[in-house]
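A.B. asks: Right, I'll just put the structure down here and ask away after.
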Amino acid sequence: MAGILKVDKYQDFNGNDIMTSDGAGNITINAAALKNTPAFEARLSANQSITNLTATKVQFDTEVFDTDSAYDNATNYRFTPQVAGKYFVYSTVVGRDALTGTFNISQFNLDLRKNGSTLRLIGSYYNALSLMFPSFVSGSVDMNGTTDYLEIFATFRSSNSAATAAYADSQTTYFGAYKLIGA
């Protein structure tokens, strides 16, 4: 035996809306505990120069979205969630030889930092020198919501000590995070 329950609103015992429907199949989740927010994703608007063998903060300056204004894309280039919890964090940066256009990059490290300290470090090493290559870092991070912040740093090794760049491409260079539900 099957049954159908038709409602336009679910509420808790205190009359607070948990979920509403517009009658056309579109549901709005109203309970913060059921949302993956705060969440953001940001990208580079232009290539960023990075000095050889120098850990440099990647300045993701263009927000794709920022649900709670928790990402600073103008000054500090960091995510401060303002809500305690566990967050899934991800970033990909493509390194590119910025000066010569030749194959000089042999190592590329991408560093996820929490409160200025390395939390995850991904190193990419290549036997053959490369012109461009990506590095990716991700993981779950416990955040206190008020003072904890996350940043991405990149370090390149170029055989000719030339400046390298974090390559600005909306498809390949980005930084984002979102709150995990139930974690």
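A.B. asks: Which members of region 60-91 meet the condition of being under 14 Å from residue 176 (Cβ atoms) and aliphatic (A, V, I, L, M)?
C.D. replies: Hits for region 60-91 are 64, 70, 89.
A.B. asks: Considering (1) over 25 Å from residue 84 (Cβ atoms); (2) at pLDDT below 80, say which one residue 26 fails and leave the rest.
C.D. replies: Every condition holds for residue 26 apart from (2).
A.B. asks: Only strands (runs of 3 or more DSSP E) wholly contained in region 38-82 count here; list those with 2 or more residues that are farther than 17 Å from residue 149 by Cβ.
C.D. replies: Ranges flagged: 48-50, 62-66.
A.B. asks: While we're on this one: Can you confirm whether residue 83 is modelled with pLDDT under 95, surrounded by fewer than 13 Cβ atoms within 10 Å (Cβ to Cβ) and either among the hydrophobic types (A, V, I, L, M, F, W, C) or more than 28 Å from the chain's Cα centre (by Cα) (or both)?
C.D. replies: Taking the combined requirement at face value, the residue does not satisfy it.
A.B. asks: Now, a different point. Select from region 141-173 the residues that are within 15 Å of residue 41 (Cα to Cα) and at pLDDT below 95 and list them in ascending order.
C.D. replies: 168, 169, 170, 171, 172, 173
The values are calculated or read from the model by the stated rules, or taken from the named source; none is laboratory data. What you see is a predicted model, and the numbers here were worked out from it, not measured in a lab. Quick reminder, even Gly has a Cβ in these numbers, built from the backbone with ideal geometry, and neighbours come from all protein chains shown.
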